[in-house]
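The values are calculated or read from the model by the stated rules, or taken from the named source; none is laboratory data. Since this is a predicted model, take the numbers as computed values, not measurements. Positions of Cβ are generated from backbone atoms using ideal geometry, with glycine treated the same way; all protein chains shown enter the neighbour counts.
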């Protein structure tokens, strides 16, 4: 099961026939397992890692450290939910250390992101401070090197 | 000057590698998918490369002891203690070599007297025969059979035994067939070697690359075999370090001393950069190696399934990263198949006869290439067979 998940995580477009072959199992079995994993929400979705900059989009990504006052009974969860429900918010993590929530936001412009932080995020009840950092250049994302210059230098045929 | 007459008879007597011709043709072509590469498609894990860069920054640019850095020899000894419970001495029983290729050459030069015969199960790696000839010996090919999953038996070896037989040279997991020898198979060989008092040179470069339930058996770790065995291994395949040229030999101190003598006057020592990297590989490289092995295993299933479905008679490889389908069943000789497939479908592979006469009728496909390349290659091979079956 782990192997199947690792293969899908690496390339979700692999046909079931190929997966079955690699895992030495029947197509039916693999297909059933995938369906079950989807049903159990172990597999959440199938997404594509895109280099938007190369495509020509100039989006702005901001990483925001947020301090909040946790609430009785629900702790950080209620505030986190109020934050992650916004479409602008890509990622929310509860953190150990000097701040509580790490929030990653994507916007079309600096003003867009600034507006969101000022008008939406910092005004949420329980949010005490925010510190925004703007991402300048991505090098590696989800295990993939963005501009990998390594090439295959092997000879075409060798003993 | 007539150089034709000046070349040594020993060199003249060995044929250039059969792989060369295909390399020259394939290298000129665009969009070739190569299943002909005898090395990992991974680059060396970053931690190993980074340790070499750090070593250079720290000034590791000198010669080392002829036998190699003591730290590396100790790591090698420790590995064999942990894995096979073998006791070698880092001071006396280890020689760090420039890949297994050098180790093999040294072993042959150290033991062979003119005319000594060396039994070599075939198909096998291309340099076995040549190394024996260059050392003044006589290679004696012992054909392995597909019916026996390309394993060799004492009865088969016995057929080729003469009073001049001095050594047996084996390489399992095997390049080009992907065959492995199980414990029982090797015990029988060990028994034969003991009875006939043969030296055994065991090339275990693919030892880390076994799949499914197959466990690599180190020949030196079999009962009474340590003293009789020259164990050759290296870092090229398991750690994707082919270009570093680093390997080692483990054996009785007398033969290691003899090999060291040749090594010190020819090579002096293995490159220090590679030795530094090899230390890192042994200390921290196992997890990267295991990841690569699990990747090869998936590709192995894919290519075996694919070739079998197309209709090739094919032995399921248990080690290394090669598969050795028969092309005879579709009416081809090794070379003709390799040539026509390259020309019409742009797939490079290696004709089986490059690995010995009994490799005729087979081709070697390496699955050390990406899944997408394997899938595309299988599709092209299927297309070829559909239109060219004889």
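Here is how the numbers come out for the structure above:
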{"item": "Hits in the stretch B:206-232 - residues which are outside any loop (DSSP other than H, G, I, E, B) and either in contact with a strand residue (DSSP E or B) (Cβ under 6 Å, 6 or more places away or on another chain) or outside the structural domain of residue B:124 (by TED's automatic domain parsing) (or both)", "result": "B:210, B:219, B:220, B:229, B:230, B:231, B:232"}
{"item": "Meets criteria (within 20 Å of residue A:91 (Cα to Cα) and either within 14 Å of chain B (Cβ to nearest Cβ) or more than 23 Å from the chain's Cα centre (by Cα) (or both)) for residue A:149", "result": "no"}
{"item": "Single residue of B:89, B:127, B:101 found to be more than 16 Å from residue B:356 (Cβ to Cβ), within 14 Å of chain A (Cβ to nearest Cβ) and out of contact with any strand residue (DSSP E or B) (no Cβ under 6 Å at 6 or more places or on another chain)", "result": "B:101"}
{"item": "Residue check, residue A:102 touching a helix residue (DSSP H, G or I) at 6+ places or on another chain (Cβ under 7 Å), at pLDDT 95 or above and farther than 30 Å from residue A:15 by Cα", "result": "no"}
{"item": "Residues located in the stretch A:127-146, provided they are more than 14 Å from chain B (Cβ to nearest Cβ) and exposed (fewer than 10 other Cβ atoms within 10 Å of the Cβ)", "result": "A:136, A:137, A:142"}
{"item": "Filter pass, residue A:151 being part of a loop (DSSP other than H, G, I, E, B) and free of Cβ contacts under 8 Å to residues at least 60 places away in the same chain", "result": "yes"}
{"item": "Any hit, the stretch B:60-70, residues being part of a helix (DSSP H, G or I) and not assigned by TED's automatic domain parsing to the domain that holds residue B:338", "result": "yes"}
{"item": "Some residue of the stretch B:169-189 being crowded, with 24+ Cβ neighbours inside 10 Å, part of a strand (DSSP E or B) and touching a helix residue (DSSP H, G or I) at 6+ places or on another chain (Cβ under 6 Å)", "result": "yes"}
{"item": "Which listed residue is under 24 Å from residue B:127 (Cβ atoms) and part of a loop (DSSP other than H, G, I, E, B), from B:258, B:277, B:368, B:338", "result": "B:368"}
{"item": "Lone qualifier among B:328, B:300 - being modelled with pLDDT under 95 and not assigned by TED's automatic domain parsing to the domain that holds residue B:67", "result": "B:328"}
{"item": "Failed item in (1) under 23 Å from the mean Cα position of the chain (by Cα); (2) farther than 23 Å from residue B:236 by Cα; (3) within 14 Å of chain A (Cβ to nearest Cβ), with residue B:37 passing the rest", "result": "(2)"}
{"item": "Within the stretch B:302-337, considering residues that are farther than 16 Å from residue B:361 by Cα, surrounded by fewer than 21 Cβ atoms within 10 Å (Cβ to Cβ) and touching a helix residue (DSSP H, G or I) at 6+ places or on another chain (Cβ under 7 Å), the one farthest from the other protein chains (Cβ to nearest Cβ)", "result": "B:310"}
{"item": "Residue among A:38, A:73 that is away from chain B (no Cβ under 14 Å) and either surrounded by fewer than 13 Cβ atoms within 10 Å (Cβ to Cβ) or modelled with pLDDT under 95 (or both)", "result": "A:73"}
{"item": "Number of the exception - residue B:215 against (1) in contact with a helix residue (DSSP H, G or I) (Cβ under 6 Å, 6 or more places away or on another chain); (2) surrounded by fewer than 21 Cβ atoms within 10 Å (Cβ to Cβ)", "result": "(1)"}
{"item": "Lone qualifier among B:340, B:345, B:376, B:382 - being within 12 Å of another protein chain (Cβ to nearest Cβ) and over 25 Å from the mean Cα position of the chain (by Cα)", "result": "B:376"}
{"item": "Residue match in the stretch A:45-52 (condition: at negative phi, at pLDDT 95 or above and either touching a helix residue (DSSP H, G or I) at 6+ places or on another chain (Cβ under 6 Å) or surrounded by 13 or more Cβ atoms within 10 Å (Cβ to Cβ) (or both))", "result": "no"}
{"item": "Residue list for the stretch A:15-34, filter: closer than 22 Å to residue B:317 by Cα and in a loop (DSSP other than H, G, I, E, B)", "result": "A:24, A:25, A:26"}
